[in-house]
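The values are calculated or read from the model by the stated rules, or taken from the named source; none is laboratory data. Treat the numbers as computed from the prediction; the structure is a model and nothing was measured. All Cβ positions, glycine included, derive from the backbone under ideal geometry; neighbour counts span all protein chains shown.
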Amino acid sequence: MATLPVDELHITKVFGPHLSASVRGSTLDEPERLVKTHCCFCGQQCGIQLKVRQNEVIGFEPREDFPFNRGMLCPKGVKRYLQGSHQDRLTRAFRRDPSADGGFSPLPYDEAIAVVGREIGRLQEKYGNAAVGVLGGASLTTEKTYLLGKFARTCLKTPFIDYNGRLCMVSAGAANKKAFGIDRTTSPWSDMVGTDVIWVAGSNVAECSPITTNYIWQAREFGARVIVQDPRITPVARTCDLYLPVRPGRDAALFAGVLAIMIDEGWIDRDFIDRHTVGFEQVAEYCREWPLARTAELTGVPPRSIERAAELWGTAKSSFFFHARGIEHHSNGVQNSLGTINLVLASGRIGKPKSGYGTIVGQANGQGGREHGQKCDQLPGWRDISNPEHRKYVASVWGVDEKDLPGPGVDAYELFRKIDRGEIKGLIAICFNPKVSLPDNQFVTRALEKLEFFVAIDFFLSDTARHADIVLPGSLQEEDEGTVTQVEGRVIKINKAVDCPGEARQDWRIIQDVARALGRPKGFTFEAPREIFEELRRASKGGVADYSGITYEKIERQNGVFWPCYDADPRTGEPTPDHAGTPRLFEPGSYNPVAKGSGPFYFPDGKARFNVAEYRPAVDDVSDDYPLFLTTGRVVSQFLSGTQTRRIGPLVKQYPEPRLEMHPRLAEKLGIADGEWATCETRRGAITVRAMVVTTIRPDTVFVPYHWGGEKSVNRLTVAAQDPISKIPQYKVCGCRVRRADGPPEYAAVLEPQQ
Amino acid sequence: MSVPAHLEFFVDPGRCIGCQACVQACSECDTHRGDSMIHLEYVDRARSVQTVPVVCMHCDRPTCAEVCPADAIKRTADGVVQSARKPRCIACGNCVMACPFGVPELKLDRQIMMKCDMCYDRTSVGKKPMCATVCPSQALFFGTREQMHALRPQSMPTNEFQFGAQTIRTRVNVMVPRRAGTAPLVDVTAAMNAEPTPRTVRLRVVGPGTSGAPVAGDGDPFAAVEI
């Protein structure tokens, strides 16, 4: 029974989002101690120190000893401490109760766990193990993601686990796997300073990964040319050397067109291609289909800019290529990512100082969260759940029979389709707010309502948790310890600052409590995150994402450890307790356990793969009925579905509500002035928000940020089309139409900005 | 306790991304908790994403102090212009109107003027100001002139500004494009008339070799887009 117990407004009144005060405590409150840790938000994972007094986080101090950010923070990092001691914090377990104020009544934690055990057990007995699904998230520590994957496979014995990285990292991950055999950015960011050219494709760096701006601009100070490919003039585009104003959804064509010029002009590294890659000829043949005029016509990028991009990239001596969700959030996301990799491989500039390639991860643990088994097709160590050898190894670590391990499950969106079809009846969700974050999210809401039993583990009652039968009070990042792997592939340590309040518990304890309540505690008797990490080290050993040589102590000592890090030399088996990790991948002469010395890439022949990166039109592209491109993204002061940041007063004040960005030429045509209400409509639905009229966006494109729920959620409009390989949703393009609203929407009179 | 002379504040508006990390961090200060002393504005959001952070420039001869009828604003020997002294400030607002950079703010509820004091509680004990520590693009930088020279070879600091007939020298520097010849001067009055384009916003830097010729990317990159 997962319909809302009472209407949304009544739930909001009790459970929020309410706004925190703008600061905490008085100026006389001296902290008792400073805890060195990292920010809880994005994949940059900036070092930060939390001020703690009487089991409360009362402020922050910059952390200048962490080499990645050296004290730098974005506004989210500065104000992140305000999520603690928040009036909306769940400090008790709750059960759905339409008669209760706010729709939920508290119950003792143990009782709630007993209900979960009983209900999950009942569903599995009645409908089979696979009738229960699990959803995880990439903001969890790696320990938790590992435990969650193990829990789904060995305790619930269901194949159906997936995570919100499905909305985030999977296109890049799948492309990396196809091209390199390993899925990690190639180089530490410090390598960027001193490079010749940086190409940023589909990444609003200044707002989504602010610290990276300093690296790019420091490189620029030392002579790097910066190319930015984006339909909007974002802050990094403002001062770039070449701006490529690409039409949404045409990225693969642009990459093919650029590579075609590079091949014609001889701006490629033939020697590198011959010695270290396979598949170039097929790619070259495909690129011939993209002469300059056709590329320019389709992509909307002027021919001279395409030529200039080819020249800048083709003739550079060193380079970095970055991309992010702008080219990955597409039904053609893997192809787009492969297109960038083809440009990198053709240049031969990889695996050396000052030259690299990477995707800028979005979530705190976007990297680590995709390596150790909460992904539907994966086992720890970036192993493949369909590979018999991999299954056998992980089963042996877990002490279970390989035959009892379920096979691959389905992606997070497909999991909701299964719920909709009645195949999945029960759901356990943590760290995932699909009611806001998935495309066409009114479908997601309808699916949630069909669940027979839904348990959410959460620290605030998220939009999705409002549908739960039982809500278990989990932990904030600062209430637990563990590791995450940040954007560079550096494994770092999150340190505990305060205890969980009230009956709230650390998430890994809750998962183990559920296992116990189900009567299947075997393998879920860890006493501390460190113990989970020790098992993860063994489970990942021999996999591509090998963490065997990483210890909490080594992380502290080195300020992070880049994986792979081996506890034994993969060549000789000799113990290597001092292995420092692998900051840079694919260096000439480097050894990896897949290639076994035959080359630097992670395939048996040691060679990287060119893949034909084909342009395919977007699903629900612009049409006569829906003539404008709708694209979505973030703003700097909010994070993901806003469960945390919509509760932090100063961050809400900075950018209170979603706005529809449009060019003045479009605004004039539509008769809409800046600040007026505008209605944006797609085949899925319509939302009405205020217009923001700016010259910094393509005139044929509109943009709305996605951090809000309900009537303000742009994901009511986005299309649930997915990439055939990665299953990432196509958030970044669909056809829409826009008109001046007749007046303010109904919600304007009742909803606060944060709702 | 004073701010060492070799440590200077540099503002590089060309690097500002408008994220407000400085504003949010400033409001955490123990001496003005909840209020930010930094002004961060879009130059003209309709036309550009360019933003400009404004901290107190700490003038050699502070206009705010000169116009204060109560002698409430003091410049310490290390060149830092302190916020108004509570026992003296009469909240008349003279300083607010007189400051050429628009820095001081009148807090009517508290009947006092408040402004940036370069995080005197931090800088006078050897730390960096909070804003310059957190700034993710280092548009705000605190360090030595030598460090800045090494980090920003394409620009140079200036601390001389023209407002109409008034020339002002400040302890805080602004980074301007590097040119041959003598140290440049920023003509703020002239810059007020410039219209930003989507890609570039230029300071009016007066001095040898500083013509206002257009640079690549000045034009409208969307001129050919049909709707």
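Per-residue answers, yes or no, for (1) touching a residue at least 60 places away in the same chain (Cβ under 8 Å); (2) in a loop (DSSP other than H, G, I, E, B); (3) more than 14 Å from chain B (Cβ to nearest Cβ):
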site	(1), (2), (3)
A:Ile11	yes, no, yes
A:Val14	yes, no, yes
A:Pro17	yes, yes, yes
A:Ser20	yes, yes, no
A:Arg24	yes, yes, no
A:Asp29	no, yes, no
A:Lys36	yes, no, yes
A:Gln44	yes, yes, no
A:Leu50	yes, no, no
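Of the residues B:Arg171, B:Arg145, which is buried (at least 19 other Cβ atoms within 10 Å of the Cβ), under 27 Å from B:Gly126 (Cβ atoms), more than 14 Å from chain A (Cβ to nearest Cβ) and charged (D, E, K, R)?
The match here is B:Arg171.
Given the criteria over 23 Å from A:Thr696 (Cα atoms), buried (at least 20 other Cβ atoms within 10 Å of the Cβ) and not charged (D, E, K, R), does B:His58 qualify?
Here the answer is yes, as B:His58 does meet what is asked.
With respect to B:Arg47, is the statement that it is touching a residue at least 40 places away in the same chain (Cβ under 8 Å), within 14 Å of another protein chain (Cβ to nearest Cβ) and out of contact with any helix residue (DSSP H, G or I) (no Cβ under 7 Å at 6 or more places or on another chain) true?
Criteria met by B:Arg47.
Within the group B:Thr200, B:Thr210, which residue is at pLDDT below 80 and within 14 Å of chain A (Cβ to nearest Cβ)?
Matching residue, one of B:Thr200, B:Thr210: B:Thr200.
Name the residue, out of A:Gly266, A:Gly249, A:Gly279, A:Gly257, that is under 28 Å from A:Ala608 (Cβ atoms), of a type in the set (Gly, Ala, Ser) and free of Cβ contacts under 8 Å to residues at least 12 places away in the same chain.
A:Gly266
Taking the conditions exactly as written (at the interface with another protein chain (Cβ under 10 Å from one of its Cβ atoms), under 17 Å from A:Gly326 (Cα atoms), among the hydroxyl-bearing types (Ser, Thr, Tyr) and touching a residue at least 12 places away in the same chain (Cβ under 8 Å)), does A:Thr239 satisfy them or not?
no
Kindly provide the set of residues from the stretch A:697-709 that are in contact (Cβ under 8 Å) with a residue 60 or more places away in the chain and either away from every other protein chain (no Cβ under 14 Å) or in contact with a helix residue (DSSP H, G or I) (Cβ under 8 Å, 6 or more places away or on another chain) (or both), ordered by number.
If the condition is that a residue be in contact (Cβ under 8 Å) with a residue 60 or more places away in the chain and either away from every other protein chain (no Cβ under 14 Å) or in contact with a helix residue (DSSP H, G or I) (Cβ under 8 Å, 6 or more places away or on another chain) (or both), then A:Asp700, A:Val702, A:Val704, A:Pro705, A:Tyr706, A:His707, A:Trp708, A:Gly709 are the ones that fit.
Among the residues in the stretch A:710-717, are any part of a loop (DSSP other than H, G, I, E, B), more than 17 Å from A:Leu751 (Cα to Cα) and at the interface with chain B (Cβ under 10 Å from one of its Cβ atoms)?
no
Output the residues belonging to the stretch A:469-523 that are without any contact (Cβ under 8 Å) to a residue 12 or more places away in the chain and not in a loop (DSSP other than H, G, I, E, B).
A:Arg509
Go through (1) more than 14 Å from chain B (Cβ to nearest Cβ); (2) more than 30 Å from A:Lys79 (Cβ to Cβ) for A:Ala673 and report which single condition fails.
Among (1) more than 14 Å from chain B (Cβ to nearest Cβ); (2) more than 30 Å from A:Lys79 (Cβ to Cβ), A:Ala673 violates only (1).
I'd like to check something: does the stretch B:126-134 contain any residue that is surrounded by fewer than 17 Cβ atoms within 10 Å (Cβ to Cβ) and away from every other protein chain (no Cβ under 11 Å)?
Scanning the stretch B:126-134 turns up at least one residue that is surrounded by fewer than 17 Cβ atoms within 10 Å (Cβ to Cβ) and away from every other protein chain (no Cβ under 11 Å).
Evaluate the following for A:Glu61: is it surrounded by fewer than 22 Cβ atoms within 10 Å (Cβ to Cβ) and closer than 23 Å to A:Ala515 by Cβ?
no
In the stretch A:79-96, how many residues are in contact with a Cys (Cβ under 9 Å, 6 or more places away or on another chain) and either at positive phi or not polar (S, T, N, Q) (or both)?
1
Among A:Ala691, A:Ala678, which is the only one that is surrounded by 18 or more Cβ atoms within 10 Å (Cβ to Cβ) and within 14 Å of chain B (Cβ to nearest Cβ)?
The unique qualifying residue is A:Ala691.
Of all residues being more than 23 Å from B:Met175 (Cβ to Cβ) and within 11 Å of chain B (Cβ to nearest Cβ) in the stretch A:194-233, which is surrounded by the fewest Cβ atoms within 10 Å (Cβ to Cβ)? Just the residue, please.
Here the residue is A:Arg232.
May I ask you to list the residues in the stretch B:148-175 that are charged (D, E, K, R) and within 28 Å of A:Ala224 (Cα to Cα)?
Matches in the stretch B:148-175: B:Arg152 only.
Those residues that are free of Cβ contacts under 8 Å to residues at least 60 places away in the same chain and in a loop (DSSP other than H, G, I, E, B), I need them from the stretch A:90-113; list them, please.
Matches in the stretch A:90-113: A:Ser99 only.
Could you grab me the full set of residues in the stretch A:64-89 that are under 22 Å from the mean Cα position of the chain (by Cα), more than 7 Å from every other protein chain (Cβ to nearest Cβ) and either part of a loop (DSSP other than H, G, I, E, B) or more than 24 Å from B:Ser137 (Cα to Cα) (or both)?
A:Phe68, A:Asn69, A:Gln83
Say whether the condition of being within 14 Å of another protein chain (Cβ to nearest Cβ), in contact with a Gly (Cβ under 9 Å, 6 or more places away or on another chain) and not in a loop (DSSP other than H, G, I, E, B) is met by at least one residue in the stretch A:587-608.
No, that holds for no residue.
Looking only at the stretch A:296-306, decide whether some residue is buried (at least 24 other Cβ atoms within 10 Å of the Cβ), more than 11 Å from every other protein chain (Cβ to nearest Cβ) and hydroxyl-bearing (Ser, Thr, Tyr).
Yes, the stretch A:296-306 contains at least one residue that is buried (at least 24 other Cβ atoms within 10 Å of the Cβ), more than 11 Å from every other protein chain (Cβ to nearest Cβ) and hydroxyl-bearing (Ser, Thr, Tyr).
What are the residue pairs meeting all of these: first residue in the stretch A:580-596, first residue touching a residue at least 12 places away in the same chain (Cβ under 8 Å), second residue assigned to a loop (DSSP other than H, G, I, E, B) and of a type in the set (Ser, Thr, Tyr), Cβ atoms under 6 Å, and 6 or more apart or on different chains?
Final answer for the pair search is A:Arg584/A:Ser187; A:Leu585/A:Thr186; A:Asn592/A:Tyr602; A:Val594/A:Tyr602.
Can you tell me which of A:Ile419, A:Ile424 is over 25 Å from A:Gly366 (Cα atoms) and assigned to a loop (DSSP other than H, G, I, E, B)?
Answer to the check: A:Ile424.
Kindly indicate the residue of the stretch A:354-397 that is polar (S, T, N, Q) and assigned to a loop (DSSP other than H, G, I, E, B) and also nearest to A:Val594 (Cα to Cα) among those meeting that condition.
Among them, the one singled out is A:Asn387.
What is the residue count in the stretch A:544-564 for residues that are touching a residue at least 24 places away in the same chain (Cβ under 8 Å) and part of a loop (DSSP other than H, G, I, E, B)?
Total satisfying the criteria: 10.
Basic (Lys, Arg), free of Cβ contacts under 8 Å to residues at least 60 places away in the same chain and touching a Leu at 6+ places or on another chain (Cβ under 9 Å): is that true of A:Arg646 in this structure?
Against the criterion (basic (Lys, Arg), free of Cβ contacts under 8 Å to residues at least 60 places away in the same chain and touching a Leu at 6+ places or on another chain (Cβ under 9 Å)), A:Arg646 does not qualify.
Can you tell me which residue among B:Ser27, B:Ser36 is at the interface with chain A (Cβ under 7 Å from one of its Cβ atoms) and either crowded, with 17+ Cβ neighbours inside 10 Å or under 24 Å from B:Ala194 (Cα atoms) (or both)?
Matching residue, one of B:Ser27, B:Ser36: B:Ser27.
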